[in-house]
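What follows is a short report on a single structure.
Every read-out reported here was derived from the displayed coordinates using simple, explicitly stated rules and does not represent laboratory data. Quick caveat: nothing in here was measured; it's all calculated off a predicted structure.
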């Protein structure tokens with residue numbers, strides 16, 4: 001929907017601004033095990049392609065955190 005709103009070319013990240021951010025966790029809390037959302041094979045393929053493109057361009061990186069979202 002609305003393809004004219006989004007650029008097809010992700011040329012790079014904007015100027016980096018130093019932002020300090022912290023999430024306060026409850027002491028002693030442990031991550032809750034939750035399965036990822038189920039996707040159709042075609043959705044998984046599209047999603048994987050988009051994530052790879054964003055990772056290759058440096059927009060995102062792999063996480064080693066035990067906390068995450070499904």
Overall dimensions of the chain by Cα: Rg and Dmax, Å: 16.5, 47
If you fit an axis through the alpha-carbon atoms of helix 41-56 and take the longest principal axis of the Cα set of the chain, what angle between them do you get, 0 to 90°, nearest 10? 90
State the extension gain, in nm to one decimal, for the chain segment bounded by residue 50 and residue 29, taking 0.36 nm per residue of separation less the distance between their alpha-carbons. 4.3 nm
